[in-house]
Amino acid sequence: MGKIKLSPSMMCADFLNIQDELDIFQKYNIDFLHIDVMDGHYVPNYTLGIDFCKSLKRYSSIPLDIHLMIENVDQYIESFCQFEGSWVSFHPETTWHPVRTIEQIKRHKCKAGIAIDTAVSIDQYKELYELVDFVLVMTVTPGYAGQKILPFCLEKIAKLNADFKQANIMAAIEVDGNVSWENIPSMVEAGATVLVSGSSSIFDSKFGRSEAIERVRELLEFYEEAEL
Ligand code: DX5
Ligand code: ZN
């Protein structure tokens, strides 16, 4: 298995010391910055937006991994896809025509992903899997950090991984929600190759940021060498 990518959930970051956070992520070659965009409608919470993304890009070259949890998502694709090379995912329920949304993201030279809510079957959008660059599997119901994994979502990851292998689909499998020290092994064994790491690991308040990143990397070393 190749390198498992880390995407720290920036809604969990220390907003008063963002440059320090970005310096540490740069030092550890962190792969993405996960940007949870929430509008208070599709999900009850309200979080990060365009100006936050612009500020990050002014300071850091780390690619953005933008997770759109917003209604009428098509109205905002152009704005969020201005950061070329970003990974941009959306929940298909937030548009009438997800194929068009995927095409729009790709036209803006971004990687397109669909996000699968906890309550949505992994088969619901299987026709889209060959169109996207990645699938974001929610292991908590979107909206808040600090939640506990819904165990049935692990089976969804494993099923998606098996379906991808059978159909020779190359899309990456990203997992978002309670990516914790305890859950990382089973998430990776199920087939996750991109981990959204929030308050349960990289931003775990029991450790300094560097120590937490080193702990995650140690945990992943075994899998990166193994052929799962
Ligand atoms: C959930 C968010 C995630 C994540 C935060 O809606 O999209 O970013 O849950 O990390 P944890 O779950 O570890 O606090
Ligand atoms: Zn997210």
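The values are calculated or read from the model by the stated rules, or taken from the named source; none is laboratory data. Not measured: the values here are computed from a predicted model. We place every Cβ from the backbone using ideal geometry, glycine too, and count neighbours over all the protein chains shown. Side chains included, ligands, DNA and RNA excluded: accessible areas come from the protein's heavy atoms. Shrake-Rupley method; radii C 1.70, N 1.55, O 1.52, S 1.80 Å.
The table that follows gives values for the structure above.
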| quantity | calculated |
| --- | --- |
| Every pair of residues 6+ apart whose Cβ atoms lie under 6 Å, when the first sits in the range 201-228 and is in a helix (DSSP H, G or I) while the second is of a type in the set (Ser, Thr, Tyr) | Ile213/Tyr28; Val216/Ser201 |
| Flag if Val132 is part of a loop (DSSP other than H, G, I, E, B) and away from ligand 1 (no atom under 16 Å from the Cβ) | yes |
| Residue check for Ser186: in a helix (DSSP H, G or I), out of contact with any Asp or Glu (no Cβ under 9 Å at 6 or more places or on another chain), open to solvent by 10 Å² or more (accessible area, probe 1.4 Å) and of a type in the set (S, T, N, Q) | yes |
| Residue check, Asp74 in contact with an Asp or Glu (Cβ under 8 Å, 6 or more places away or on another chain), more than 21 Å from Ile173 (Cβ to Cβ), charged (D, E, K, R) and more than 16 Å from ligand 2 (Cβ to nearest atom) | no |
| Any hit, the range 139-161, residues being within 16 Å of ligand 1 (Cβ to nearest atom) and within 18 Å of Pro63 (Cβ to Cβ) | no |
| Residue list for the range 108-126, restricted to those being open to solvent by 50 Å² or more (accessible area, probe 1.4 Å) and either under 17 Å from Leu64 (Cα atoms) or out of contact with any helix residue (DSSP H, G or I) (no Cβ under 9 Å at 6 or more places or on another chain) (or both) | His108, Lys109, Lys111, Ala119 |
| Failed item in (1) in contact with a strand residue (DSSP E or B) (Cβ under 8 Å, 6 or more places away or on another chain); (2) hydrophobic (A, V, I, L, M, F, W, C); (3) open to solvent by 40 Å² or more (accessible area, probe 1.4 Å), with Ile35 passing the rest | (3) |
| Hey, Glu174 open to solvent by 20 Å² or more (accessible area, probe 1.4 Å) and either touching a residue at least 40 places away in the same chain (Cβ under 8 Å) or of a type outside the set (Val, Ile, Thr) (or both) or not | no |
| Unique residue being closer than 25 Å to Ile77 by Cα and in a helix (DSSP H, G or I) when the list is Ile169, Ile122, Ile173, Ile102 | Ile102 |
